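The values are calculated or read from the model by the stated rules, or taken from the named source; none is laboratory data. Every value quoted in this text rests on a predicted model; they were computed, and no experiment measured them. Here the Cβ positions follow ideal geometry from the backbone for every residue, glycine too, while neighbour counts run over all protein chains shown.
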Amino acid sequence: MEREMGFYDYNYTIYYYENYTDYPQNSASDFIYNCICPIMAVIGILGNILSLSVLLRQPMKGYSISVYLSAYCVSGFLQWVFNIGPDWFIYMTGSSYFRNMSDVSCRFWQFLTHFVTFSGLWFLTGATVDRIIALWFPSKSQVMCTIFMAKNSLVFILIGLTVVSIHAMWLYVLKDNYCEQERDDKYLLPYWMWGSTLMLQLLPSLLLFIFANMMFIRLCLRQQSIQLPNATGCELDLTNTVMVLSFLNFCFAMPLSVTNLLALGYWTNNTNGQYTEFLTYSLRAPLEYTNYLMWCSYTCAIIVLPCCGETFRCGVKENFKEIISCMFRRHSNNEQRLMNGEYDQVPSTSTTV
């Protein structure tokens, strides 16, 4: 443990960006963090890599929706590798955290964590907008639902995430060898905390729920010819995948968002220390378990994509066939080089008179 955690530590009680299990309350939380977390990490890392490899190959590579889903997989991969994974490793080994080494590492790590944590929600929101245009305004899909427009949309999303998250560079400091918020700033800090919570998590979660229902309604209409008139089976698979992922991510993210808003309201509106301490303690367990629930959003891509897309399953099979073929080819080349080397060492039997 880095230091004793008090009830007034805002990093613990409010921020979903921090590791809530530094001080597990019960055996259930301890079991989830110690045993379930590494299993989910392996599935999330390998699953996102596999999903990305299939999305970046034909025929999926030729659709705009694959650009958003590829960014979504990258976001989930980075979350496991740079945020949840290091937290688990440091907790299990008791080693020092990179963010607690200096002010620079503290500020940079907090910015990176804020940037990555909920970027997947916004990438998926961009995917739902792309599908809404294709389903409800098919005449404009030829212009709006292109790979060029998808890449430009990702650039704007990244800029927006940077604008919202960049304030962490000067709102975090290293105090007593621990990276925490600068509480002396009583004006900018509360506004930024409310703004980041609303913009990074609550708003994209609500948009995912609204757009997913719009997609569901449109796909349930009987006039199927109006929907995606030039669509192939691959594009329909990707559309169904986006709809299912939107519903799931809303279910995974909304409980944590509501809990964070409640805790943030207690922290900013209550001046009674004893009352605030009681409310903080009562929200401690919900913050832990809703944070665990949010982990599922970084892993569900590899589960939803094979279930909703036959094209994806075929792509996975082709990937494994290529890997196996490459391994046999390499083994064959090694044998061939070995045989050539042996032949080169055979002495010549020719004689000269």
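Select from segment 161-196 the residues that are of a type in the set (Gly, Ala, Ser) and either outside the structural domain of Thr259 (by TED's automatic domain parsing) or closer than 12 Å to His114 by Cα (or both) and list them in ascending order.
Of segment 161-196, the ones of a type in the set (Gly, Ala, Ser) are 165, 168, 195-196.
If the condition is that a residue be of a type in the set (Gly, Ala, Ser) and either outside the structural domain of Thr259 (by TED's automatic domain parsing) or closer than 12 Å to His114 by Cα (or both), then Ser165, Ala168, Ser196 are the ones that fit.
Just wondering, is there one or more residues in segment 32-47 that are surrounded by 15 or more Cβ atoms within 10 Å (Cβ to Cβ), more than 16 Å from the chain's Cα centre (by Cα), modelled with pLDDT under 50 and within 30 Å of Leu283 (Cβ to Cβ)?
Looking through segment 32-47, none of the residues is surrounded by 15 or more Cβ atoms within 10 Å (Cβ to Cβ), more than 16 Å from the chain's Cα centre (by Cα), modelled with pLDDT under 50 and within 30 Å of Leu283 (Cβ to Cβ).
Gln58 passes all but one of (1) modelled with pLDDT under 90; (2) in a helix (DSSP H, G or I); which number fails?
Only one criterion is unmet by Gln58, namely (2).
Name the residue that is nearest to the chain's Cα centre (by Cα), counting only residues in segment 98-119 that are surrounded by fewer than 19 Cβ atoms within 10 Å (Cβ to Cβ) and either of a type in the set (Gly, Ala, Ser) or outside any helix (DSSP H, G or I) (or both).
Ser105
Quick check on Val155: is it under 21 Å from Gly120 (Cα atoms), surrounded by fewer than 14 Cβ atoms within 10 Å (Cβ to Cβ) and under 26 Å from the mean Cα position of the chain (by Cα)? Show your work before the answer.
Working: under 21 Å from Gly120 (Cα atoms): yes; surrounded by fewer than 14 Cβ atoms within 10 Å (Cβ to Cβ): yes; under 26 Å from the mean Cα position of the chain (by Cα): yes.
Answer is yes for this residue.
Out of all the residues in segment 86-124, which are within 19 Å of Ala41 (Cα to Cα) and in contact with a Gly (Cβ under 9 Å, 6 or more places away or on another chain)?
Hit for segment 86-124 is Gly120, nothing else.
Only one of Cys314, Cys307 is modelled with pLDDT of 75 or more and more than 23 Å from Gln79 (Cβ to Cβ). Can you tell me which?
Numbers: Cys307 fails: more than 23 Å from Gln79 (Cβ to Cβ).
Among Cys314, Cys307, only Cys314 is modelled with pLDDT of 75 or more and more than 23 Å from Gln79 (Cβ to Cβ).
What pairs can you find where one residue is in segment 236-257 and assigned by TED's automatic domain parsing to the domain that holds Tyr289 and at pLDDT below 90, the other is of a type in the set (D, E, K, R) and crowded, with 19+ Cβ neighbours inside 10 Å, and their Cβ atoms are less than 7 Å apart, with a gap of 6+ or different chains?
Thr239/Arg131
Working only within segment 155-211, note down all residues that are under 18 Å from Tyr68 (Cβ atoms), among the aliphatic types (A, V, I, L, M) and touching a Phe, Trp or Tyr at 6+ places or on another chain (Cβ under 7 Å).
Hits for segment 155-211 are Ile157, Leu161, Leu200, Leu208.
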